[in-house]
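Take a look at the structure set out below.
Each value in this text was obtained by applying a stated rule to the coordinates, not by laboratory testing. Computed from a predicted model, the values in this text were never measured in an experiment. Glycine also receives a Cβ, built like all others from the backbone with ideal geometry; neighbour counts cover every protein chain displayed.
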Amino acid sequence: MPSEQWTHPEPGDGPAAVAAKPSPEQVIAGLRATSEGGAELTQLLTPEGQRIPSPQFDKYVADVDDEVLKNLYRDMVLVRRADREANAMQRQGQLGIWVPLLGQEAAQIGSGRALKPTDMAFPSYREHGVAYTRGVDLRELLGIFRCTDQGGWDFAAHRFHPYTIVIGNQVLNAAGYAMGQKFEGRVGNTDGDGNPSDTDEATICYFGDGATSQGDVHEGFVWAAVYDAPLVFFCQNNQWAISEPTERQSRLPLYQRARGYGFPGIRVDGNDVLACLAVTRWALEECRHGNGPVLIEAFTYRMDAHTTTDDPTRYRLSDELEEWKLKDPIERVRAYLARGGGADHDFFDQVQAEADEFATQLRDYTFNMPEPPPERIFANVYAEPSPVLDAEREEFLSYLDGFATAGEH
């Protein structure tokens with residue numbers, strides 16, 4: 001069996017490690033080489049909570065004072081607490097599965113808060129934080145994971161598309177939607193003074209690093225590029241496509257793939273909520289002005305399993321996890337606020353109390369969620385009535401009725 005290249009070093013770093021199966025040392029070496037995201041990483045807030053000025057992106061967060069940052073902190077804490085509660089409920093048999101977002105709160109809250117009410121978001125299946133920023137009641141997400149519905153929110157009203165389970169499929173949906181925005185003239189307009197219009201729209205589409213190996217994603221890149229679609233491709237690179245690291249999927253950083261399709265790509269610190277907010281605002285503005293698409297690679301880390309059916313201890317080392325705990329997206333905001341006097345212990349305690357109450361509400365809702373009737377499985381399959389589906393429903397219900405009457409004979 002021929003050996004395969006495991007890491008792809010920068011020029012001057014020496015030869016790449018090769019092995020049919022990488023050794024633990026090779027894994028750690030590759031991770032340490034990319035753990036900071038590289039020289040082109042956009043970062044405004046360090047893991048220690050220190051503000052880094054950016055001539056390019058500071059203007060996109062000029063309105064972010066301590067109060068705004070406190071709200072971003074609250075968003076992340078509440079979303080993390082909800083995520084941990086849902087994870088626990090799955091272990092207790094209340095949910096069929098759960099998809100954790102632990103560690104990715106900054107990428108989701110920062111990008112989600114960058115959206116305007118008229119923008120549209122297309123998620124995969126992990127964007128619980130983005131759903132929260134779009135005004136979706138997180139209780140409406142739980143039916144998906146309890147296997148009672150496909151999502152209870154009003155997709156059009158919240159401008160937040162249904163979750164997509166098929167890896168990368170949402171990228172094609174988003175590309176088509178953004179092309180429609182372009183065809184309908186909802187981008188590149190100006191007001192009476194020649195300034196960019198406030199009514200223009202953009203679309204953002206979320207996917208993970210693993211999805212970049214799917215054909216649907218690349219087809220979406222092609223269509224969006226050809227039609228200058230107002231589409232922000234937001235890749236949350238949490239570095240593990242289930243059990244395969246990014247190094248086995250790409251020879252280059254993922255954001256550089258945009259060059260091959262003729263549109264800009266940028267890598268942002270996905271654990272920096274301020275940088276994610278700024279970069280996403282910039283990218284959406286580019287799209288609304290008619291300069292799209294844009295690819296954002298949010299360089300972050302999945303601190304938990306891929307889903308609750310996954311065991312990450314089988315394919316990654318604890319050294320890696322401990323390293324990323326030091327880059328926690330919530331703690332860096334807390335450090336910044338505490339150091340600058342923007343928040344005190346009372347504020348942090350209050351937010352934690354809010355988060356605990358939020359989790360209690362989710363838990364009570366889940367435990368008391370009504371079971372749907374069996375015919376629910378046949379609902380919303382087709383827009384119009386279907387004789388074939390009607391016959392199948394009647395046959396299924398008749399089959400179930402047979403169990404109820406079996407004891408009478």
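Work out from phi, with θ = phi - 60° and the Karplus expression 6.51 cos²θ - 1.76 cosθ + 1.60, the ³J(HN,Hα) of each residue of the stretch 170-185, listed in order in whole Hz, and give x for Gly and Pro.
Whole-Hz 3J(HN,Hα) from phi for the stretch 170-185: 5, 5, 5, 4, 5, 4, x, 5, 5, 4, x, 4, 5, 5, 8, x.
Which value, in debye to the nearest 20, describes the size of the charge dipole of the stretch 248-309 about its Cα centre when Lys and Arg Cβ atoms bear +1, Asp and Glu Cβ atoms bear -1, and nothing else is charged?
For this selection, approximately 300 debye.
Along its three principal axes, how long is the stretch 94-213 when you only count alpha carbons? Whole Å, largest extent first please.
56, 31, 27
Relative to the longest principal Cα axis of the chain, at what angle does helix 273-288 sit, 0 to 90 degrees, rounded to 10?
Helix 273-288 sits at roughly 80 degrees to that axis.
Measure nothing fancy, just the Cα-based angle from helix 66-91's long axis to the longest principal axis of the chain, in degrees from 0 to 90, nearest 10.
Tilt relative to the chain: about 40 degrees.
Using θ = phi - 60° and the Karplus relation 6.51 cos²θ - 1.76 cosθ + 1.60, list the HN-Hα couplings for the stretch 137-148 in order, rounded to whole Hz, with x at every Gly or Pro.
Rounded to whole hertz, the list is 5, 4, 5, 6, 7, 5, x, 4, 7, 8, 6, 10.
Taking amide H positions as placed 1.01 Å from N in the peptide plane, with prolines and chain starts having none, which residues 5 or more places from W240, or on another chain, fall under 5 Å of its amide H?
Those qualifying (amide H under 5 Å, at least 5 residues apart or on another chain) are R302.
State the Cα centre-to-centre distance between the stretch 96-119 and the stretch 302-333 in whole Å.
The stretch 96-119 and the stretch 302-333 have Cα centres separated by 17 Å.
So, with +1 on the Cβ of K and R and -1 on the Cβ of D and E, and no other charges, what is the size of the charge dipole of the chain about its Cα centre, to the nearest 20 debye?
Dipole magnitude for the chain comes out near 820 debye.
For the stretch 146-205, what is the relative contact order in percent, using Cα pairs closer than 8 Å and at least 6 residues apart in sequence?
26
Given just the C-alpha atoms of the stretch 181-328, how large is their convex hull per residue in cubic angstrom?
122
Taking Cα centroids, how far is the stretch 341-366 from the stretch 48-91 in Å?
With the stretch 341-366 and the stretch 48-91 each reduced to a Cα centre, they are spaced 14 Å.
To the nearest 10 degrees, how steep is helix 215-226 against the longest Cα principal axis of the chain, on a 0 to 90 scale?
Around 60 degrees separate the two axes.
Suppose every K and R has +1 on its Cβ and every D and E has -1 on its Cβ; what is the size of the dipole of the stretch 116-248 about the Cα centre, in Debye to the nearest 20?
Dipole magnitude for the stretch 116-248 comes out near 360 debye.
A 30 angstrom limit on the alpha carbon distance is what I want to check against. Which of K182/K327; K70/K327; K182/K325 exceed it?
From K182/K327; K70/K327; K182/K325, over 30 Å: K182/K327; K182/K325.
Any chance you could list P(r) for the chain, counting all Cα-Cα pairs in 10 angstrom bins from zero, rounded to whole %?
Binned Cα distances yield the sequence 4, 20, 29, 25, 13, 5, 2, 0, 0.
For the stretch 294-337, what D do you get in µm² per second when you plug the Kirkwood radius from alpha-carbon pairs into Stokes-Einstein at 10 °C and 1.306 mPa s?
127
From the phi angles alone, apply the Karplus equation (6.51, -1.76, 1.60; θ = phi - 60°) to the stretch 258-267 and give each ³J(HN,Hα) in whole Hz, x where the residue is Gly or Pro.
Result, ordered by residue: 4, 4, x, 9, x, 9, x, x, 8, 10 Hz.
What span do the alpha-carbon atoms of the stretch 327-409 cover on each of the three principal axes, reported in whole Å from largest to smallest?
Largest to smallest, the principal-axis extents are 74, 35, 21 Å.
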